[in-house]
Amino acid sequence: QVQLVESGGGLVQAGGSLRLSCQASERTFSRNTMGWFRRAPGKEREFVAAIKWPGGTTYYADSVKGRFTISRDNAKNTVYLQMNSLKPEDTAVYYCAASPGSTYSYPPAYKYWGQGTQVTVSS
């Protein structure tokens, strides 16, 4: 069964850090590009970061480059998003997604999605 479950969201002050995790089924995770997207209130869903199979090739949105780090543990079928120096504008619901292709920032390219985890950054 296809499954992506995010965790690690919460409330943090500006400048703080959070680490998001996304646990996937092996079928969903293996050989797929894994991505993180976010949707802020009143805004469209936007690309945050992605990592190709089996790892080592990563992509970031300009808005998070240098602050966020995506990684994956293939033995645990888990992808992580380490978020440092958080800003109030990072407040959003963060979604984990899996794509069988190589396109990394285009949401329709992702076949599987999690339910999302809320991240709130206070000023």
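The values are calculated or read from the model by the stated rules, or taken from the named source; none is laboratory data. Bear in mind the structure is a predicted one, so any value in this text is a computation, not a measurement. For neighbour counting, all protein chains shown are included, and Cβ atoms are generated from backbone atoms with ideal geometry for every residue, glycine included. Heavy atoms of the whole protein, side chains included, go into the accessibility calculation; ligands, DNA and RNA do not. Shrake-Rupley method; radii C 1.70, N 1.55, O 1.52, S 1.80 Å.
Filtering the range 79-104 to residues that are of a type in the set (S, T, N, Q) and surrounded by fewer than 18 Cβ atoms within 10 Å (Cβ to Cβ) leaves Gln82, Asn84, Ser85, Ser102, Thr103. When Pro108 is tested against the conditions (1) buried (at least 18 other Cβ atoms within 10 Å of the Cβ); (2) part of a helix (DSSP H, G or I), the lone failure is (1). Within the range 67-83, the only residue that satisfies the criterion of being over 20 Å from Gly9 (Cα atoms) and either in contact with a strand residue (DSSP E or B) (Cβ under 7 Å, 6 or more places away or on another chain) or without any contact (Cβ under 8 Å) to a residue 24 or more places away in the chain (or both) is Ala75. Applying a threshold of 7 Å to beta carbon distances and a minimum spacing of six or more residues, or different chains, the list of pairs starting in the range 84-101 at a residue that is farther than 12 Å from Ser122 by Cα and touching a residue at least 12 places away in the same chain (Cβ under 8 Å) and ending at one that is assigned to a helix (DSSP H, G or I) and open to solvent by less than 10 Å² (accessible area, probe 1.4 Å) reads Ala98/Thr28; Ala98/Phe29. Taking the range 59-78 as the range and being of a type in the set (Gly, Ala, Ser) and open to solvent by less than 50 Å² (accessible area, probe 1.4 Å) as the test, the residues that pass are Ala61, Ser71.
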